[in-house]
Structure formats: structure tokens, C-alpha cells
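For reference, the structure discussed in these notes is given below.
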Amino acid sequence: MEWVKNMGLKKSFFLLSVFSMVAALLVIGMVFLISNKITEDYPTGGIVYMPDGIVRELEQPTREQMLVLEATGWIEVLSCVLVPVGCVGIASLLFYRYKLKKPIAVLQMGTERIREHDLDFEIPEVSGDELGQVCAAFETMRAELLQTNQELWRQAEERKRLNAAFSHDLRNPVTVLKGTVKLLKQGTADDHALERLEIYVLRLERYVEAMSSIQRLEQMPVQKKEMELCILRDEVEETARLLAPNVETQVCVEDRAAAYGDDGRTSATSLVLDHGLFLTVAENLIGNAARYAQSRIDVQLSIRTDMQYFDGEMDEKRNMADEQEVFKTGAKNQQFFVMTVTDDGCGYPAKLIKDGPRPFGRIEEDALHFGMGLYTSQMLCVKHGGMLTLENDSINGGAKATAVFVTGF
């Protein structure tokens, strides 16, 4: 009956109906033939009028023969009614079994699982008829619904990550502002306190505008401009002083940069990068180091053009996202601004060094921290064409984070 499965509903129903009627006629015919065969030698009884007017009485059947004749007569009558009904019933059962049973069961199963919000299943291929096409359309609908739900879930996760990053990255600038205001109230602020307040307020304003216009953290815009290295150093020193007031901090600049061109201007004095993204990464790394440092934090700033630093010294210790592979092959002959933050704390866990930062990857349970600092820093470094590497310092065993930014327009 495999040929019935791939036949259309109308055609299969018509053929099964015809076959059932033909089968019914054949069965009825066989019943009549058998009945006649049984009773053909029996006397029929009655009388016969002869041509000469004489009436002759025929041989009468015996009592047993009469019972057989009556039984065969009833069988013939009943067969004319029951056999067609039975054949039609058998045809209906065959039609239901081969054309309706499996598609209906499959659709009922799919409906129940969708009602239970379970889309992790597949509607099997049933047949090539109309119900098979309905099942195929149902499978397409299920797959589209699953894709839509996955997209909604992904968007919800992205929004959750974005909100967490937004809350996390606002905390450090607010801490700097609070510290500056406190120094102003105490009368111990330096000459650049008001200027620093203005810079951070403008930065927060731009950051809020940028975060409100994107759906994913990866969509954070990069707005590069030329910055003096000495200004960046001073800002990092001030950030370290305000975010890590209880530990000794030291910021130093190491110049290993080559000349930009023949005009004699070197990249040691200025560089092109996104000021806000750099400060966000610096605040995250310094703030993270301040949480675990025992007594000291060292921050080293350097401008590099040599690829040996990245291909040799850090080759075995990269914690790169997939996009950072582009950095390794496409960043040659470019200038890099490198910031290394080292503390004398307990160091990074081995799993964090091996797998790299993950969203909401708390090193320890702390309601005040979302576990987004290192992950956000990594994403911002990638957005800036660079990368973030994590390792434990081989000398004092503390944590060592290296943020790399590709400079230039």
C-alpha cells in the first residue's frame, strides 16, 4: 500500500471506493455461484403444465433440502447488503490508516508540544499528499517560531548584557566624580579638578547617548581623535588615585615606538584613539586590580610598532574573542597603544585565563559587581582593533591585564 501514501486524498479515496465496490460485487457473485452449486441438484417442487394440457407434479424437496434452500436464499439476500457495507468499511479503515492516522498523530503531537512551549522537535516527513504538505508547512512554521523565539531570547540576553555593561561602566566615572567633589569640599583638590569634572560630565553625556542608540555592546561606536600621551598618562594617574586610594599606584610610560614618517614627528608625543573607550577600559582594569591588590598597582603605558611583542612574548597567553583573530593578521605595520595593569593580589583563576572573560563571569559572588568589567574591556579593545590578554605575573603572582589599541584613523 505504499503507492497509496503518495497519492492525493481525492484520488486515493476514489480508487479505494471503486476497489471496494468491485470487491463487493465479486464476493456477492461468488456467494450466488456457491449457493447455486450447492442447490443445483435439489428438486424444486411445484407443478408443470404439459403441452397436451396435462398437469404434472414435480418432485418435492425433502425437509433437510428445504432448510438448505432457505439458508442459501437468506445468505444471498444478506450478502447483497452486508458485503458492500463491509467492503466500504474496510476501504474506510485503509484510507484512515494509510492517509489520515499518521498525519493527524503528528499534528496532534506538534500542537501539544507547542502548547507546552516546547519547540525543540521536528515534524517528520509523512507523505506527498495534501496532509503531508500540511505537516511540512507545520514544520516550517515550527522552525520559524523557534528561530523567532531564539532571536527574542538573544536580544533579551544582549539587552541584559548591555544594561549590565552600562551600569558597570557608569560606576567608575561616578566614583571619580565623587572623589573629585570630595577633594573640592576638603579644599585639597588640584588645579585641574574643575576641568576634570567637566571632562567626565561630557564623557558621561556622550556615553549615555551612545548606549541609548545601540542594541548590542558590539555596536558601540568608535570615535577617534588625536590625544597627547602626557594627558592620557595624567588621566590614568588621577583615575588610579581615585579608584585605588588605599594602595600604592605607579604609572609609567615606556616608549618603544618608531617614527611615523620622514617629518621627524614621532608617535611618542601623540596618538589617535577613542578617548572615552580608552578611559573606560583603564577604569575597569584599574578598578578590578584595586579590589584584589594587597599593597601595589603598576600601570605601564607604551606605544609600539613592532609585531614581535605580539607574536612572541604574548603568543601563548592571548585570550582573544573570534574577532581578535583579525588583529593578528591584519594589524601589521600599524601603531599600538598598550596599557598593562599589574597588581600584587591573588591573580586570575586558571579558568579565566584559559577561556577568557565571559559576560557575568564573577570571580566571586558580590552583589555590587556584575562580572562585566573584563568582558566589556575585551569588547572595547576589539572594537578599537586590538585585544585584551590576561595572565598572572610571573614575579609576584598577581594579576596582569594587557589592553592593546590600534591607533590611527
*May I ask you to list pairs of residues, at least six apart or on different chains, whose Cβ atoms are under 8 Å apart, with the first in region 92-112 being farther than 13 Å from V134 by Cβ and the second being open to solvent by 70 Å² or more (accessible area, probe 1.4 Å) and outside any helix (DSSP H, G or I)?*
L94/M1; Y98/M1
*asked:* Name the residue that is nearest to Y348 (Cα to Cα), counting only residues in region 360-393 that are open to solvent by 20 Å² or more (accessible area, probe 1.4 Å), part of a loop (DSSP other than H, G, I, E, B) and modelled with pLDDT of 75 or more.
replied: D393
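Can you spot a residue in region 32-54 that is open to solvent by less than 100 Å² (accessible area, probe 1.4 Å) and touching a residue at least 40 places away in the same chain (Cβ under 8 Å)?
Taking every residue of region 32-54 in turn, at least one turns out to be open to solvent by less than 100 Å² (accessible area, probe 1.4 Å) and touching a residue at least 40 places away in the same chain (Cβ under 8 Å).
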_Total residues in region 113-141, condition assigned to a helix (DSSP H, G or I) and under 22 Å from R97 (Cβ atoms)_ = 8
_I'd like to know if region 191-202 contains one or more residues that are open to solvent by less than 90 Å² (accessible area, probe 1.4 Å), at pLDDT 75 or above, assigned to a loop (DSSP other than H, G, I, E, B) and among the hydrophobic types (A, V, I, L, M, F, W, C)._
no
*Being closer than 29 Å to M7 by Cβ and open to solvent by less than 80 Å² (accessible area, probe 1.4 Å), is that true of even one residue in region 142-156?*
yes
*Residues satisfying the stated conditions in region 5-53, i.e. of a type in the set (V, I, T) and either in contact with a Phe, Trp or Tyr (Cβ under 9 Å, 6 or more places away or on another chain) or modelled with pLDDT of 75 or more (or both)*: V18, V22, V27, I28, V31, I34, I38, T39
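Residues that are more than 33 Å from the chain's Cα centre (by Cα) and part of a helix (DSSP H, G or I): does region 142-165 have at least one?
no
State yes or no: is D234 over 43 Å from the mean Cα position of the chain (by Cα) and at pLDDT below 80?
Answer is no for this residue.
The values are calculated or read from the model by the stated rules, or taken from the named source; none is laboratory data. Worth saying up front: this structure is predicted, and the values here are computed from it rather than measured. Virtual Cβ from ideal backbone geometry, glycine too; neighbours counted across all protein chains shown. For the accessible areas, the whole protein counts, side chains as well, though only heavy atoms, and no ligand, DNA or RNA atoms are used. Shrake-Rupley method; radii C 1.70, N 1.55, O 1.52, S 1.80 Å.
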